[in-house]
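Right, one structure below, let's go through it.
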Amino acid sequence: MAEYIYLSNKDTLIIKPSKKSPLLLRLIALLFAVVCGVFFCSIRLKQMSIGSRIRFQPFQVLGRSYSEYGIKQIEISGENDTKQLEVPPVYHLTQIEVPGENDTKQFEFPPVHYPKPQTFNRTECAHNPVQYFAIISMQRSGSGWFETLLNSHMNVSSNGEIFSVMDRRQNVSSIIKTLDTVYNLDWFTSASKNECSAAVGFKWMLNQGLMQYHKEIVEYFNRRGVSVIFLFRRNLLRRLVSVLANSYDRYAKLLNGTHKSHVHSHQEAEALSRYKPAINSTLLIAELKEMELTAAKAFEYFNSTRHIVLYYEDLVKNRKKLKEVLEFLRLPQMKLKSRQVKIHRGTLSEHIQNWNDVKKTLNGTEYGSLLLADYRR
């Protein structure tokens, strides 16, 4: 590189480097920019190629047969063919598959909601997500007891049988309006946790418009990300006893002139259990089949939703099932308690007036196992 050498006024030797060419600096900067651009583009193209292989699909876990659930497979004869209704799996989740080096990993992405209620301000909880759920069941299947367990969680608001009122289910519009109010946290009951709810829902019986408008309701559930909790009883004979006894008490009002579907003391439970209904043995098998068919239809109608299947007897025998429910709702684990007391304890022979007729009718049939005591509590 050329250098300029000159003498200053004080005869001091000074050496100055020559100035670099501006053209050369520009070429170096341009080359650096091109290299960086190629590098970042290659990374982006690689990410896009991986993303194109990710695909959404409905994923079902643990499909089970009717025999495993205690409910048999039912054949429905149609005009041209016979249709079999299958019990759905324990979970129905929406997942993605991400190709890995040696296998495929599955990740669940549950819906996340941030409601903005019109009637109050969520204040410090405004940024906390809320899960939407609905408990689908039939009367006298343990749903009241189960709901009190859920409501003992400090962040759960389950608002009872809101569609027991006819005006709320007279048509699809009234149903959707009610659902929007509930899931927007603008529905207030004694169970409401208001701004700090982490899961909000209610009980919905099959005979409360749910089956009649099932297509519209399924579309709403999937669009709003509502998780379904199926809750039924394995022993349909026990359910029938409970239905008949509850119906009698509705008119007889055995507890000091009042009717109570659920009791909170052993004294009240003992008073109600004294009534022993007489079951029509001639129609018994037909009634049991009808219960099975109704539950099977509900499973079929709502199988496309994100759901979990529970049975009352399993919850009573194994409280770890409640942990699965909290995991399903993405809630922190807590010990859940209920003040409700079971009314009909012990063997069924103690609670059916014409036990011998019932036993004779069911023995040797597909419903014979219902005569046995299947749990204790």
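The values are calculated or read from the model by the stated rules, or taken from the named source; none is laboratory data. Keep in mind that this is a model prediction, so the values were computed, not measured. Here Cβ is always computed from backbone atoms with ideal geometry, including for glycine, and neighbour counts include all displayed protein chains.
Just checking, which of LEU288, LEU315, LEU310 is in a helix (DSSP H, G or I) and either touching a Lys or Arg at 6+ places or on another chain (Cβ under 7 Å) or at positive phi (or both)?
Of the residues listed, the single one that is in a helix (DSSP H, G or I) and either touching a Lys or Arg at 6+ places or on another chain (Cβ under 7 Å) or at positive phi (or both) is LEU315.
Can you tell me how many residues within the range 338-367 are part of a loop (DSSP other than H, G, I, E, B), hydroxyl-bearing (Ser, Thr, Tyr) and buried (at least 18 other Cβ atoms within 10 Å of the Cβ)?
Total meeting the criteria: 1.
Looking only at the range 224-243, filter to residues that are of a type in the set (Lys, Arg) and farther than 15 Å from THR294 by Cα; which one of those is surrounded by the fewest Cβ atoms within 10 Å (Cβ to Cβ)?
ARG224
Looking at (1) surrounded by 16 or more Cβ atoms within 10 Å (Cβ to Cβ); (2) under 22 Å from the mean Cα position of the chain (by Cα), which is the only condition ARG122 fails?
It fails just one condition, (2).
Out of everything in the range 226-265 that is out of contact with any Leu (no Cβ under 9 Å at 6 or more places or on another chain) and among the β-branched types (Val, Ile, Thr), what residue ends up being modelled with the lowest pLDDT?
Among residues in the range 226-265 that are out of contact with any Leu (no Cβ under 9 Å at 6 or more places or on another chain) and among the β-branched types (Val, Ile, Thr), the one modelled with the lowest pLDDT is THR258.
Here are SER190, SER158, SER164, SER137: which of them is at pLDDT below 95 and closer than 28 Å to ASP249 by Cα?
None of the other options fit; the residue is SER190.
Given PHE163, PHE221, which one is buried (at least 19 other Cβ atoms within 10 Å of the Cβ) and within 16 Å of the chain's Cα centre (by Cα)?
Checking each option against the conditions leaves just PHE221.
Matching residues to (1) of a type in the set (A, V, I, L, M, F, W, C); (2) in contact (Cβ under 8 Å) with a residue 60 or more places away in the chain; (3) within 13 Å of ILE135 (Cα to Cα); (4) in contact with a Leu (Cβ under 8 Å, 6 or more places away or on another chain):
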{"site": "ASN159", "(1), (2), (3), (4)": "no, no, yes, no"}
{"site": "ARG168", "(1), (2), (3), (4)": "no, no, no, no"}
{"site": "THR178", "(1), (2), (3), (4)": "no, no, no, no"}
{"site": "THR181", "(1), (2), (3), (4)": "no, no, no, no"}
{"site": "LEU185", "(1), (2), (3), (4)": "yes, yes, no, no"}
{"site": "ALA198", "(1), (2), (3), (4)": "yes, yes, no, yes"}
{"site": "ASN207", "(1), (2), (3), (4)": "no, yes, no, no"}
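Please state which one of PRO89, PRO99, PRO129, PRO111 is modelled with pLDDT of 85 or more, surrounded by fewer than 20 Cβ atoms within 10 Å (Cβ to Cβ), over 30 Å from ARG345 (Cα atoms) and of a type outside the set (A, V, I, L, M).
Criteria check complete, one pass: PRO129.
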